[in-house]
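The values are calculated or read from the model by the stated rules, or taken from the named source; none is laboratory data. Bear in mind the structure is a predicted one, so any value in this text is a computation, not a measurement. Here Cβ is always computed from backbone atoms with ideal geometry, including for glycine, and neighbour counts include all displayed protein chains. Each accessible area value is taken on the protein alone, full model and side chains, heavy atoms only, with ligands, DNA and RNA left out. Shrake-Rupley method; radii C 1.70, N 1.55, O 1.52, S 1.80 Å.
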Amino acid sequence: MQTDFHETRKRVIAVINGKGGVLKTTLTANVGGELAASGQKILLVDLDPQGNLAEDLGYTSETGDDQGRSLASAIAFGGDAKPIENVRANLDVLPGGVHLEQATAALAAMASKDPDGAKLALARVLAPMAPAYDMILIDCPPGDETLQTAALTAAKWAFVPVKSDASSRKGMAAVALRIDAVAAINPDLDLLGVVLVAVGTSAKTVLKQARSAIAEAFGNDDVVFTATVRHSEATAQATRERGMLAAELDAVVRSGPKWYDVIKGNAEPQTLAPKSSKSVADDLFAVAQEVVTRVATAEREEARV
């Protein structure tokens, strides 16, 4: 059973932290969007009962957004889950939402009789779909241990966003425990890395201290991503309100009216168009590049063995 999913897990990344509010959904949407824009075929899996990926990608009004009903049914009872296709070019999404609470209950009941089967439930859903995609990213819920465990059992990589504060790093520690808990059934699982998010651009000392604390916790300096994602409440609000990725918002902002035309009364000012969108988009692009680099490097090293 341990080797059944080796090939189908190879490009599956669980974006996970035990704490909420650390940009898991933002990273899932934007890293996935950047990879899709580069020509890779990408599947995003919204495993969160809050279903916020729909807002980030703007598909809340799509008929395929069943708020997790298809995914929950497939996890709990088997069968196929139906993604929304072409949310962006090359980007499909398995939508999440409130129905995933039923999946949690079903897996909890299953675990009492078949613990391994409960852990492997999502892996079984994704296995037949994986060959169609270059990469699959799972947006994990912050506090649902059952669904987090299923995500890590389905994945090759755990990708952990954290803020610089101590409480956020406690959530990172919870992920380490989850990884240990599935090691026997998913020996393929490894840590892709930890990315610092919501970083203040002037807080260089805080950032350095956070990097050191994370490296010390894992006993490895390389675990921390070089790329970081800066804090911008204005850009976060604008992307979610508009249902746009950061790069898409930046393109809109750059194509908007010039400030001098607005002053002259020749154009209307844009709303929800913060100047910080470019900086945030650049940060997220750098994270996406580093994700690809780390995965490719690991695969080359594995091929040599």
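Against the condition in a strand (DSSP E or B), touching a residue at least 40 places away in the same chain (Cβ under 8 Å) and surrounded by fewer than 23 Cβ atoms within 10 Å (Cβ to Cβ), how does Ala198 come out, does it pass? It is true that Ala198 is in a strand (DSSP E or B), touching a residue at least 40 places away in the same chain (Cβ under 8 Å) and surrounded by fewer than 23 Cβ atoms within 10 Å (Cβ to Cβ). Of the residues making up segment 19-46, those that are out of contact with any strand residue (DSSP E or B) (no Cβ under 7 Å at 6 or more places or on another chain), modelled with pLDDT of 95 or more and not in a helix (DSSP H, G or I) are Ser38, Gly39, Lys41. The set of residues from segment 276-305 being in a helix (DSSP H, G or I), among the β-branched types (Val, Ile, Thr) and farther than 18 Å from Ala158 by Cα comprises just one member, Val280. Out of curiosity, is Gln209 at negative phi and modelled with pLDDT under 90? Judged against the criteria, Gln209 is a match. Scanning segment 6-25 finds no residues that are in contact with a Gly (Cβ under 9 Å, 6 or more places away or on another chain), open to solvent by less than 30 Å² (accessible area, probe 1.4 Å) and free of Cβ contacts under 8 Å to residues at least 60 places away in the same chain. Within segment 221-231, restricting attention to residues that are within 19 Å of the chain's Cα centre (by Cα) and modelled with pLDDT of 90 or more, the residue that is farthest from Asp283 (Cα to Cα) is Val223. If you go through segment 212-222 and keep only what is over 18 Å from Lys19 (Cβ atoms), part of a helix (DSSP H, G or I) and not acidic (Asp, Glu), you end up with Ser212, Ala215. Can you confirm whether segment 51-68 contains a residue that is assigned to a helix (DSSP H, G or I), touching a Gly at 6+ places or on another chain (Cβ under 7 Å), closer than 13 Å to Gly96 by Cα and open to solvent by 30 Å² or more (accessible area, probe 1.4 Å)? Taking every residue of segment 51-68 in turn, at least one turns out to be assigned to a helix (DSSP H, G or I), touching a Gly at 6+ places or on another chain (Cβ under 7 Å), closer than 13 Å to Gly96 by Cα and open to solvent by 30 Å² or more (accessible area, probe 1.4 Å). Out of everything in segment 145-169 that is open to solvent by 30 Å² or more (accessible area, probe 1.4 Å) and either out of contact with any strand residue (DSSP E or B) (no Cβ under 6 Å at 6 or more places or on another chain) or modelled with pLDDT under 95 (or both), what residue ends up being farthest from Leu53 (Cα to Cα)? Checking each candidate, the answer is Ala166.
Please enumerate the residues belonging to segment 175-187 that are over 27 Å from Ser232 (Cβ atoms) and open to solvent by less than 30 Å² (accessible area, probe 1.4 Å). Passing the criteria: Val182, Ile185, Asn186. Restricting attention to segment 16-36, does a residue exist that is among the aliphatic types (A, V, I, L, M), over 19 Å from Ile179 (Cβ atoms) and over 11 Å from the mean Cα position of the chain (by Cα)? Yes: segment 16-36 contains one or more residues that are among the aliphatic types (A, V, I, L, M), over 19 Å from Ile179 (Cβ atoms) and over 11 Å from the mean Cα position of the chain (by Cα). Residues in segment 232-283 that are under 28 Å from Lys24 (Cβ atoms) and at pLDDT below 85: 7 in all.
Of all the residues that make up segment 89-113, how many are within 17 Å of Thr28 (Cβ to Cβ) and open to solvent by less than 50 Å² (accessible area, probe 1.4 Å)? Summing the residues that are within 17 Å of Thr28 (Cβ to Cβ) and open to solvent by less than 50 Å² (accessible area, probe 1.4 Å) in segment 89-113 gives 8.
If you filter segment 201-215 down to residues that are more than 21 Å from Ser232 (Cα to Cα) and among the small types (Gly, Ala, Ser), you find that the one that is least open to solvent (accessible area, probe 1.4 Å) is Ala215. Evaluated against (1) closer than 22 Å to Ala286 by Cβ; (2) open to solvent by 70 Å² or more (accessible area, probe 1.4 Å); (3) at pLDDT 85 or above, Phe218 falls short on exactly one condition, (3). Whenever a residue of segment 31-42 is surrounded by fewer than 18 Cβ atoms within 10 Å (Cβ to Cβ), its partners that are modelled with pLDDT of 95 or more, lying with C-beta atoms within less than 6 angstrom and at least six residues away or across chains, give the pairs Gln40/Asp134; Lys41/Asn90; Lys41/Tyr133; Lys41/Asp134. Of all the criteria given as (1) surrounded by fewer than 19 Cβ atoms within 10 Å (Cβ to Cβ); (2) in contact (Cβ under 8 Å) with a residue 60 or more places away in the chain; (3) of a type in the set (S, T, N, Q), the one not satisfied by Thr28 is (1).
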